[in-house]
1. Here are some conditions: (1) buried (at least 19 other Cβ atoms within 10 Å of the Cβ); (2) closer than 29 Å to L303 by Cα; (3) hydrophobic (A, V, I, L, M, F, W, C). A116 meets all but one. Which one does it not meet?
2. I want to confirm something. Restricting to the stretch 192-230 and keeping residues that are farther than 22 Å from P282 by Cα and surrounded by 15 or more Cβ atoms within 10 Å (Cβ to Cβ), which single residue is farthest from the chain's Cα centre (by Cα)?
3. For the stretch 235-261: of the residues being buried (at least 20 other Cβ atoms within 10 Å of the Cβ) and not in a strand (DSSP E or B), which is farthest from the chain's Cα centre (by Cα)?
4. Out of the residues in the stretch 332-364 that are polar (S, T, N, Q) and closer than 30 Å to Q82 by Cα, which is surrounded by the most Cβ atoms within 10 Å (Cβ to Cβ)?
5. Taking the condition of being basic (K, R) and over 17 Å from S319 (Cα atoms), how many residues in the stretch 225-239 meet it?
6. Only one of these is of a type outside the set (S, T, Y) and in contact with a Ser or Thr (Cβ under 7 Å, 6 or more places away or on another chain): K128, K191, K119. Name it.
7. Filter the stretch 285-324 for residues that are assigned to a loop (DSSP other than H, G, I, E, B) and under 19 Å from C139 (Cα atoms) and give the result.
8. For the stretch 262-296, which residues satisfy the criterion of being loosely packed, with under 15 Cβ neighbours inside 10 Å, among the charged types (D, E, K, R), under 25 Å from P65 (Cβ atoms) and modelled with pLDDT of 95 or more?
Amino acid sequence: MSLRRFFPYSLFLLAQLGPLAGASRSAIDNLHLPSLFSKTGVHETRKASSLHLKSVGIFHVFHPPPWGGGNQFLMALRAELQHRHVEVLDNQIAPHTTRVYMANAITFKTEPFAQAMKKIRRHDEKLKLVHRLDGPYYCSRYGKDPRKEPKIINYSEDNRVYQINHQFACASIFQSKWSLEMNRLLGYKPKEPVTVIPNAVNGDIFHNRSRREWDPYLTRQVRVLSSAWANNERKGFKTYQWLDQHLPWGRYKYTYIGNLADGYSYDNIETLPPVTSEELAPLLRDHDIYIAASYLEPCSNALLEAMASGMPVIYQKGSGHDELVKEAGLGYDVAEEIPDLLEKMVANYAYYQARINILNIKQVTDMYLKVYDYCLSH
């Protein structure tokens, strides 16, 4: 079908490019974009955010949950924007009404998007695109660590991300400093200005109200939980396998919720299939400690869901987990460290739980709006 049908030379252009579907400031480290965020805190950022933005476009193929963490975050962001009476266009360009768009990596139909943007920008250079970057795919899809590989291979997915980024973006957003560093180690240069904004969860679903009270006298088993949507090795299944064989099961009760990688089954860990967010949230509030065994992880939504539900964390060190957990948990390098870390956390549970400090979706939305404002004014 010809693009001319979608892009007549008129005052209103509409492109249907994909399937329609519906803390504290210390938690953020803003890189190369100091003017976007006030040093005095989130409240000043909120006052400075776009109060008059009427609409924004998001390019991402949305999936109903249960699904991956990026999808979950974008659903929460979209819902918060709509709550603020901002119209959100899914995978559409309507330049007469919507001047700023956000693309999520390449989780949308990139070819028709690129053709449409090129055609529109020949007549309207003021259309703006904020690019939310992820991964890189080198880590998240292929399970490789550029800090350890003797030879770097640039995969087609990452190359495509940066084709979109360099050609159309007015600003780049990363979910963690770790993700930005991994992309740069692969030789990629994201479009400036660049900032780091972590994900956040839907606080109407994931919260710590009515959660199971901690029993300091340990008259019951300590309830441990892990969760994941993806079933690739990077999600930590070998670690869970080791724990299944070595934890003292009279002391701990362990639940895993999500998909399992092929070839894995557990004798002592109870496994449940993926569930919706509404079903997962009360299960998180009913458990005590979260174990995040995934690695090469930009910004785990599963981890954020657990922390928002009041769970301190034992986590695999070396990626985005470190930036989210900070003093609200204990990190490990190898699985053999986990039993001792669990004992330490049990002995000091209130200390770690009290140090959970993550941004909520309102604060994160303020920061996204600030980036949109920047692009619209430059």
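1. Exception for A116: condition (2).
2. Here is the first cut: in the stretch 192-230, the residues farther than 22 Å from P282 by Cα are 192-198, 217.
Among the residues that remain, those that are also surrounded by 15 or more Cβ atoms within 10 Å (Cβ to Cβ) are: 193-198.
On the way: P193: 20, V194: 17, T195: 14, V196: 11, I197: 9, P198: 7 Å.
Of everything passing the filter in the stretch 192-230, P193 is farthest from the chain's Cα centre (by Cα).
3. L243
4. Let us first name the residues in the stretch 332-364 that are polar (S, T, N, Q), namely 348, 353, 357, 360, 363.
Adding the requirement that they be closer than 30 Å to Q82 by Cα leaves 357, 360, 363.
Values: N357: 15, N360: 18, Q363: 22.
My answer is Q363.
5. Going through the stretch 225-239 one residue at a time, the tally reaches 1.
6. Working: K128 fails: in contact with a Ser or Thr (Cβ under 7 Å, 6 or more places away or on another chain); K119 fails: in contact with a Ser or Thr (Cβ under 7 Å, 6 or more places away or on another chain).
Exactly one residue qualifies, and that residue is K191.
7. Scanning the stretch 285-324 gives A293, S294, Y295, L296, E297, P298, C299, S300, K317, G318, S319, G320.
8. E270, E278, E279, D286
The values are calculated or read from the model by the stated rules, or taken from the named source; none is laboratory data. Remember, predicted model here, so these are calculated numbers, not experimental data. With ideal geometry, Cβ positions are generated from the backbone for all residues, glycine too; neighbour counts draw on all protein chains shown.
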